[in-house]
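Visitor: Quick one: the structure is below, and I'll ask about it shortly.
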Amino acid sequence: MTGSEMHLPAPRLLASKRPLVIGHRGYAQFAPENTFPSFEMAVAAGADLIELDYRQSRDGVLMVVHDPELNRTTDARRRWRHRHNRVESRTALEIQMLDAGSWFGHEFAGTRVPVLAEALEVIQRNSVALVERKAGDALDLVKLLRGKHLINRVIVQSFDWAFLRALHELAPEQIIGALGPPKVLCSGRKPAAIFRRLNGPWLRELQKTGAKIAVWNQQVSRRGIQLAHQRGIKVWVYTVNTQRRANRLLNVGVDGMITDNISLIWRTIALRAGKNGRAAQ
Ligand code: G3P
Ligand code: CA
């Protein structure tokens, strides 16, 4: 990374010497996931990055929603009286009429499903988005990021390594994270191995996508992380929601933790610093 690129948030975060705290779907512990209140809360809690998921509506708009169906996190089923309510079967306008907050708590009633472009505007004011592509073409995302001058002001991640490779070809400068273990390799093949732990073969495969970050499940060892670091790859883990797990992962050297509970992770990091301070006296 050159000095001139370091003014951008993504390379700066990648170069961080301390573990990063990343809000999962905003601040999912205390607000409905992937909504504006969740993002505002995560910003207020000082998350280094704020993760969100997006998919495409029927009319091609990138919408912030995790599941392929709208049922779990909105009132789609009650409102439309259909058993299945897939994101790609509805227009953005229809999806934005839904209530994406009441399922979580009555105080969030009326919260909308955000359009990705609007969510990024809110998050980028005071934090950095970790944009997870669940469905949609690489070109559509690149058009949005370039149009809004957000290349390397956000970080992009996906479990679909073929998508990552396509994105990397379109925007080689954009920092990306490869979520793992993946269902699809960057060749488009399904991985033969079922090893879930981050290891040398996974890292070799991961580098073919152009990713600079392995965003792994918690099956990471000190050795796996050392191997990643030797290759210039950072290791972030998902989704860390207890102090015990956070401590184990910090002990083996992770570079970032994605969490539903941002304040719990900050507290864990602070307590460790206090302990180290006592030991140094
Ligand atoms: O950011 C990692 C994590 O979000 C991946 O799993 O299902 O929550 O999108 P999921
Ligand atoms: Ca996600």
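Visitor: As a test of reading the structure, rank ARG267, ARG244, ARG58 by solvent-accessible area (1.4 Å probe, protein chains only), most first. Could the numbers behind the result be given before it?
Guide: Details: ARG267 130, ARG244 205, ARG58 150 Å².
Correct descending sequence by accessible area is ARG244, ARG58, ARG267.
Visitor: Plugging the Kirkwood radius over Cα pairs into Stokes-Einstein for the chain, at a temperature of 20 °C and a viscosity of 1.002 mPa s, what D comes out in µm²/s? Please report the intermediate quantities before stating the final value.
Guide: Details: Rh = 19.3 Å.
The diffusion coefficient I find is 111 µm²/s.
Visitor: While we're looking at this one, here's another question. Could you check how much of the accessible area of the range 106-217 is carbon and sulfur, as a whole percent, using a 1.4 Å probe? Mind showing how you got there, number by number?
Guide: Details: 2640 of 4920 Å².
In the range 106-217, the share of accessible area belonging to carbon and sulfur is 54 percent.
Visitor: How do TRP161, TRP80 rank by accessible surface area computed with a 1.4 Å probe, from largest to smallest? If you can, show how the numbers build up before the last one.
Guide: Details: TRP161 0, TRP80 45 Å².
Order by accessible area, largest first: TRP80, TRP161.
Visitor: Would you mind estimating how fast the range 149-281 diffuses translationally, via Stokes-Einstein at 20 °C and 1.002 mPa s with the Kirkwood radius over Cα pairs, in µm²/s? Intermediate results must be reported in sequence, preceding the final value.
Guide: Numbers: Rh = 15.7 Å.
D = 137 µm²/s.
Visitor: Given 37 °C and 0.692 mPa s, compute D for the range 197-254 with the Stokes-Einstein relation, Rh being the Kirkwood radius over Cα pairs; round to the nearest whole µm²/s.
Guide: Working: Rh = 11.4 Å.
Stokes-Einstein gives a translational diffusion coefficient of 288 µm²/s.
Visitor: Compute the Cα gyration tensor for the range 65-149, then decide on rounded, prolate or oblate, letting a ≥ b ≥ c be the square roots of its eigenvalues: rounded whenever a/c is under 1.5, prolate when a/b is larger than b/c in the other cases, and oblate in all that remain. Show your work: numbers first, answer last.
Guide: Values: a/c = 2.47, a/b = 1.48, b/c = 1.67.
Taking the square roots of the gyration eigenvalues as a ≥ b ≥ c, the range 65-149 is oblate.
Visitor: Let me ask something else about it. Order the following by accessible area, largest value first: LEU198, LEU93. Probe radius 1.4 Å; ligands, DNA and RNA are ignored. Walk me through the numbers on the way to the answer.
Guide: Values: LEU198 5, LEU93 130 Å².
Largest accessible area first, the residues go LEU93, LEU198.
Visitor: Looking at the chain, send over the antiparallel percent of its DSSP beta bridges, to the nearest 5.
Guide: Values: 5 of 33 bridges.
So the antiparallel bridges amount to about 15 percent of the total.
Visitor: Would you give the gap between the C-alpha center of the range 9-56 and the C-alpha center of the range 231-265, rounded to a whole Å?
Guide: With the range 9-56 and the range 231-265 each reduced to a Cα centre, they are spaced 14 Å.
Visitor: Rounded, prolate or oblate for the range 44-100? Axes are the square roots of the Cα gyration tensor eigenvalues, ordered a ≥ b ≥ c, and the cut-off for rounded is a/c under 1.5.
Guide: Cα axes put the range 44-100 in the prolate bin.
Visitor: Let me ask you something else. If each DSSP helix of 4+ residues adds -39,500 (n - 2.57) and the sum is divided by the residues in the chain, what number results at 222 nm, nearest 500 deg cm²/dmol?
Guide: Working: 11 runs with 102 residues, N = 281.
Result for the chain, helices only: -10500 deg cm²/dmol.
Visitor: From the cross-link list LYS134/LYS212; LYS134/LYS190; LYS143/LYS208; LYS148/LYS183, which pairs have alpha carbons spaced over 28 Å apart? It would help to have the intermediate numbers written out before the result.
Guide: Values: LYS134/LYS212 19 Å; LYS134/LYS190 17 Å; LYS143/LYS208 23 Å; LYS148/LYS183 30 Å.
From the list (LYS134/LYS212; LYS134/LYS190; LYS143/LYS208; LYS148/LYS183), the Cα-Cα distance tops 28 Å for LYS148/LYS183.
Visitor: To continue, here is another question. Take each complete run of DSSP H in the chain, measure how far its Cα atoms stretch along the helix's own axis, and keep only those covering 30 Å or more with mean Kyte-Doolittle hydropathy at least 0.5; list them.
Guide: Values: long enough: none.
Span-like helices, by this rule, are absent here.
Visitor: Could you tell me which residue out of GLY180, PHE39, GLN56 lies farthest along the dipole of the chain toward its positive end? Charges go on the beta carbon: Lys and Arg +1, Asp and Glu -1, centred on the Cα centre.
Guide: Going by the Cα projections, it comes out as GLY180.
Visitor: Only Lys, Arg, Asp and Glu count, each charged at its Cβ (+1, +1, -1, -1), so figure out the dipole size of the chain about its Cα centre, rounded to 20 debye. Walk me through the numbers on the way to the answer.
Guide: Numbers: 42 positive and 25 negative charges, 243 e Å.
Charge dipole of the chain: 1160 debye, to the nearest 20.
Visitor: Would you please classify the overall shape of the range 6-62 from the alpha carbon gyration tensor, given that a ≥ b ≥ c denote the square roots of the eigenvalues, rounded means a/c under 1.5, and beyond that prolate means a/b larger than b/c while oblate covers the rest? Could the numbers behind the result be given before it?
Guide: Values: a/c = 2.86, a/b = 1.39, b/c = 2.05.
Note, shape of the range 6-62 comes out oblate.
Visitor: Select from HIS168, GLY136, GLN219 the residue farthest towards the positive end of the dipole of the range 84-225; place +1 on Cβ of Lys and Arg, -1 on Cβ of Asp and Glu, and compute about the Cα centre.
Guide: It is GLN219.
Visitor: I'd like to check one number: the per residue accessible area of the range 76-122, probe 1.4 Å, reported in Å² as a whole number.
Guide: Details: 2720 Å² over 47 residues.
On a per-residue basis, the range 76-122 sits at 58 Å².
Visitor: Regarding the range 126-188, what is the average projected area of its C-alpha convex hull, in nm²?
Guide: Numbers: hull surface 16.6 nm².
The orientation-averaged projected area of the Cα hull of the range 126-188 comes to 4.2 nm².
Visitor: I want to check the label-to-label distance for GLU121 and ALA15. Put each point 7 Å from Cα in the C-beta direction and report it in nm to one decimal.
Guide: Distance between label points: 3.1 nm.
The values are calculated or read from the model by the stated rules, or taken from the named source; none is laboratory data. Values in this document were obtained by computation on a predicted structure and should not be read as measured data. All Cβ positions, glycine included, derive from the backbone under ideal geometry; neighbour counts span all protein chains shown. Accessible surface areas use protein heavy atoms only, side chains included; no ligands, DNA or RNA. Shrake-Rupley method; radii C 1.70, N 1.55, O 1.52, S 1.80 Å.
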